[in-house]
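Let me begin by presenting the structure, written as structure tokens, before commenting on it.
The values are calculated or read from the model by the stated rules, or taken from the named source; none is laboratory data. It should be emphasised that the depicted structure is a prediction, and the values quoted were computed from it without experimental measurement. No Cβ is skipped: glycine too gets one built from the backbone with ideal geometry, and neighbour counts run over all protein chains shown. The protein model used for the area step is the full one, side chains on, heavy atoms only, and it has no ligands, DNA or RNA in it. Shrake-Rupley method; radii C 1.70, N 1.55, O 1.52, S 1.80 Å.
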Amino acid sequence: MLRTLLQIERSFYADRQEEAPLLKEREAFLEHLLQQGTSLAAARGVSWQLLNVIRLLQLAELRDVWIDEIKETAQRWERQQRTNSFAHSYKHSASFFIYVAKKWLRFAGVLKQRAIPRMRFSDQIDDFVRWATEERGLSALTARSHRHKIALFLKWFSERRRSLIALRLGDVDDFLISKGATGWSRKSACGYANSLRSFFRYAEQRGWCKQGIAGGIISPTLYQHEGLPEGPQWKDVQRLLKGVKGKSVVALRARAVLLLLTVYGLRSGEKSRLLLSDFDWRQETFTVNHSKRGGVQKYPLQREVGEAILEYITKARPGTSSRNLFLTLKPPYRGVGYSSLWRITSLRIDAAGIQCRRRGPHCLRHACATHLLEQGASLKVIGDLLGHRDSNSTRIYAKVHLEQLRRVADFDLGGLL
């Protein structure tokens, strides 16, 4: 089985693989890697390293293995390689040993890791986030942002005081002032102040802290135009897209990603969650799961965007079991995340010589909204296109009219393609 799986022809190497312990377990793991898009050459390299993992960890059968044991064994393996005159390279011996051992043992369900100690006040943060999502209806993305900001403050606070009941309003002021001194902008400080105000309003209701903390938190002043979104001008966007040339995997993926960003103004999370099944090519529509407002929204598929996505799917997208539309360039293939989308956008903006303070995917979302406004689209239509929450209520979402959005999606790209 393993001989066929890895297409090994030389009997000596095939015999070594098949005679080693845990053959079925290794075969199942290697088959999983190949299904995930790992190349045959890479899978062979993993198969040889698995023999070292079994030998050095003394795995006659699968057992629980702690991460500390793997790291100690990897260091011993690297020292052996340094004294091996036949080893051409030992620079990455330890790191590759750890990578293969962790990946295999995690797949087999026997990798053991020390539990990360929960920080003080974790229970209170969990309680607040649960209330914010279930009672107030905040999206998972907003709740995660609140969690991050509150945890940062409470970690800072826990190093100075042991109880929330001992918290003073001055502690919040000292925190915001200290972060301002380290380079925080007023907008960042304002976001943290808002999150802390929401948390302490809930904490007061639960009796965790003294009354009046939430009402006393004052956000820094945001001056006119300071908080306005920034994005490149549309002529720069056209130049950006014209610069994405070639038929390489990198170029075809970048072109489809950037067109979706500029025409529909999708958020990074919305784009990374797109699946192949979200596209109805017969009806020329696609579906988006919104990050902030929640819910599903159907969009008409603009012709140039559809052609770019089809070209990526047919000529550049790796063949893998993953159903995500946009995949990483190297195996094991998985859906692209925010960092990959940011890199795709920022590198292309730099290459086009565009002067723009913000260089991530969100700046193209702002450029999309600005261009639509200049083209005469109403704020309601723009808000529907961008998936904004209705301003009248956090529980009532704007209803999208597909025919109206089709006129928006059909705006002229100015001879872009």
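Points to keep in mind about this one:
- Applying the criterion of being among the polar types (S, T, N, Q) and under 27 Å from Thr133 (Cβ atoms) to the residues of region 280-307, the residue that is modelled with the highest pLDDT is Thr287.
- Counted residues, region 41-72 - those being open to solvent by less than 20 Å² (accessible area, probe 1.4 Å) and in a loop (DSSP other than H, G, I, E, B): 2
- Restricting attention to region 113-168, the residues being open to solvent by 50 Å² or more (accessible area, probe 1.4 Å) and aromatic (Phe, Trp, Tyr) number 1.
- Residue within region 138-147 that is of a type outside the set (Asp, Glu), closer than 25 Å to Lys187 by Cβ and in a loop (DSSP other than H, G, I, E, B) present: yes
- Region 45-59 residues that are at pLDDT below 95, paired with ones that are part of a loop (DSSP other than H, G, I, E, B) (beta carbon under 7 Å, 6 or more apart): Ser47/Leu6; Leu51/Ala20; Ile54/Ala20; Ile54/Pro21; Ile54/Leu22; Leu59/Pro21; Leu59/Leu22
- Answer residue from region 338-350, given it is at pLDDT 85 or above and either assigned to a loop (DSSP other than H, G, I, E, B) or touching a helix residue (DSSP H, G or I) at 6+ places or on another chain (Cβ under 7 Å) (or both) and is surrounded by the fewest Cβ atoms within 10 Å (Cβ to Cβ) among those: Trp342
- Total residues in region 171-182, condition part of a helix (DSSP H, G or I) and over 15 Å from Pro220 (Cα atoms): 1
- Boolean, Gln205 is part of a loop (DSSP other than H, G, I, E, B) and modelled with pLDDT of 90 or more: no
- Checked against (1) open to solvent by less than 30 Å² (accessible area, probe 1.4 Å); (2) out of contact with any helix residue (DSSP H, G or I) (no Cβ under 6 Å at 6 or more places or on another chain), Pro331 passes all but condition (1).
- Selected residue [more than 13 Å from Leu260 (Cβ to Cβ) and touching a residue at least 12 places away in the same chain (Cβ under 8 Å)] from Gly306, Gly337: Gly337
- The single condition among (1) hydroxyl-bearing (Ser, Thr, Tyr); (2) under 27 Å from the mean Cα position of the chain (by Cα); (3) exposed (fewer than 14 other Cβ atoms within 10 Å of the Cβ) that Thr83 does not satisfy is (2).
- The single condition among (1) in a loop (DSSP other than H, G, I, E, B); (2) modelled with pLDDT of 90 or more; (3) among the acidic types (Asp, Glu) that Glu226 does not meet is (2).
- Contacts under 7 angstrom Cβ, first residue in region 214-242 being closer than 19 Å to Thr370 by Cβ and charged (D, E, K, R), partner at pLDDT 70 or above and open to solvent by 30 Å² or more (accessible area, probe 1.4 Å), 6 or more apart: Glu226/Arg186; Glu226/Lys187; Glu230/Arg357; Glu230/Arg358; Glu230/His366
- Ala28 at pLDDT below 85, under 32 Å from the mean Cα position of the chain (by Cα) and under 17 Å from Pro332 (Cα atoms): no
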